[in-house]
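The values are calculated or read from the model by the stated rules, or taken from the named source; none is laboratory data. These numbers were taken from a predicted model, which means no experiment stands behind them. Cβ atoms come from the backbone with ideal geometry, glycine included; neighbour counts cover every protein chain shown. What goes into the accessible areas is simple: the full protein's heavy atoms, side chains included, and nothing from ligands, DNA or RNA. Shrake-Rupley method; radii C 1.70, N 1.55, O 1.52, S 1.80 Å.
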Amino acid sequence: MEKVRVGKKILDENDRYALENILLLSRKNKLCLNMISSPGSGKTTILARTISELAGKIKIGVIEGDIQTDLDAERIRATKAPAIQINTNGACHLSAVQISDALSKLPIEDLDLIFIENVGNLVCPTDFNLGENAKVVVLSVAEGDDKPAKYPAIFAKSKVLLINKVDLLTSGASIDFDLDKVKADARRLNKTIEIFPISAKTGEGMTDWCNWLIDAATRV
Amino acid sequence: MHEMMVAESLLKTISAEASRRNARPIGATISCGTLNAVNDETLRFAFDAIAKGTPCEDMRLQIEHKPTQGKCRKCDRDFEIEFSQPKCTDCGSEDFALLPDAPLMLEEIELETD
Ligand SMILES: Nc1nc2c(ncn2[C@@H]2O[C@H](COP(=O)(O)OP(=O)(O)OP(=O)(O)O)[C@@H](O)[C@H]2O)c(=O)[nH]1
Ligand SMILES: [Mg+2]
Ligand SMILES: [Zn+2]
């Protein structure tokens, strides 16, 4: 019997496409953010509201990833922003080759910022580099305040944490969610993570998040 | 579940290595970090399923998880992160940088020649 050392990365095909996306985006000075969360945390609602609040300031395009349907891309197009829908047909995450294709269909020259809304899943998308500048993790207060402890990878790897649906904390709906605990747990994993508590429904906290985006988009 | 994608990539690489050396693969060692979203049992199940009827049928897969390392900003030492209590194992500081998680790697293949 013979043992052969191989030492080959298994997902290197994904990384090859990710690198191409990085090159394309950096040549054109475009900011690209990969948004990751559980299903229903409010990603599409946040994006639609962000696009409206930033109208006339920065131009945003969106790549929507869903297992099925183009409902989310339709919701983005309703804000007048360009959106490309990717259907993964069962796959639990977007991969870089799909982003490469979607980027070629977006009017990228006219845009400052490209958002990728990943498939609703707090685990698998974390492993796949899409060529983004940074990951943005969204956690809604309805999901519970133990998520940074239970799913450390995405909190450790993200540049921004959006804590969404904070309107529910003061709405009389009885939700046990300790905002300070989530902030502390996330910062233990990731000292430099930016944290914005927001409500995509009422608009609370959106200004700080949008100012961060303007700053980040002008710095690429 | 992206274990299927990982299994396909493994099967392709192992088959190519084995046929290049005119040998039969009987085992392989894979390594990954602690933060990769790959479940050992699911990966073995997926691999067994697609290896049926190929020279990789009945191969043993050994999966090693490498701990994630942090670099302490206080004492500058590298240490293994315990995710239930993330802090420097030397000085106890909670101020550290996360070093990149180990990627999914095919480390080694065991081959048999007749
Ligand atoms: N109360 C409240 N509800 C919200 C807020 N943001 C989103 N929602 C609601 O949450 C539900 C899910 O919102 P989506 O924007 O579709 O969530 P998503 O993360 O894009 O969902 P998937 O794409 O399916 O993963 C909808 O009913 C929204 O109206 C918020 O800030 N407060
Ligand atoms: Mg959505
Ligand atoms: Zn230390």
Next item on the list: Could you check how many residues of segment A:130-146 are open to solvent by 30 Å² or more (accessible area, probe 1.4 Å) and within 24 Å of B:Gly33 (Cα to Cα)?
Entry: 2
Check: If B:Lys12 satisfies every condition in (1) open to solvent by 20 Å² or more (accessible area, probe 1.4 Å); (2) more than 11 Å from chain A (Cβ to nearest Cβ); (3) within 18 Å of the chain's Cα centre (by Cα) but one, which is the exception?
Finding: (2)
Check: How many of the residues making up segment A:25-45 are assigned to a helix (DSSP H, G or I) and either open to solvent by less than 10 Å² (accessible area, probe 1.4 Å) or at pLDDT 95 or above (or both)?
Finding: 4
Margin query: Checking the structure you have, find out if any residue of segment A:52-68 is assigned to a helix (DSSP H, G or I) and buried (at least 19 other Cβ atoms within 10 Å of the Cβ).
Written below: no
Next item on the list: Just need a number here: residues in segment B:32-63 that are closer than 17 Å to B:Asp101 by Cβ and either open to solvent by 80 Å² or more (accessible area, probe 1.4 Å) or within 16 Å of ligand 2 (Cβ to nearest atom) (or both).
Entry: 0
Margin query: Residues that are more than 10 Å from chain A (Cβ to nearest Cβ) and in contact (Cβ under 8 Å) with a residue 40 or more places away in the chain: does segment B:83-95 have at least one?
Written below: no
Check: Looking at segment B:96-114, which of its residues are at the interface with chain A (Cβ under 9 Å from one of its Cβ atoms) and among the small types (Gly, Ala, Ser)?
Finding: B:Ala97
Note to self: I'd like to check something: does segment A:11-26 contain any residue that is touching a strand residue (DSSP E or B) at 6+ places or on another chain (Cβ under 6 Å) and of a type in the set (Lys, Arg)?
What the structure shows: no
Notebook entry, point to check: Conditions: (1) open to solvent by 70 Å² or more (accessible area, probe 1.4 Å); (2) over 24 Å from B:Leu98 (Cβ atoms); (3) among the acidic types (Asp, Glu). A:Asp167 meets all but one. Number of the miss?
Noted result: (1)
Notebook entry, point to check: Mind checking which residues of segment A:74-126 are assigned to a helix (DSSP H, G or I), open to solvent by 30 Å² or more (accessible area, probe 1.4 Å) and of a type outside the set (A, V, I, L, M, F, W, C)?
Noted result: A:Glu74, A:Arg75, A:Arg77, A:Gln98, A:Ser100, A:Asp101, A:Ser104, A:Lys105, A:Glu109, A:Asp110
Check: Just wondering, is there one or more residues in segment A:148-160 that are more than 18 Å from the chain's Cα centre (by Cα) and either at pLDDT below 95 or open to solvent by less than 40 Å² (accessible area, probe 1.4 Å) (or both)?
Finding: yes
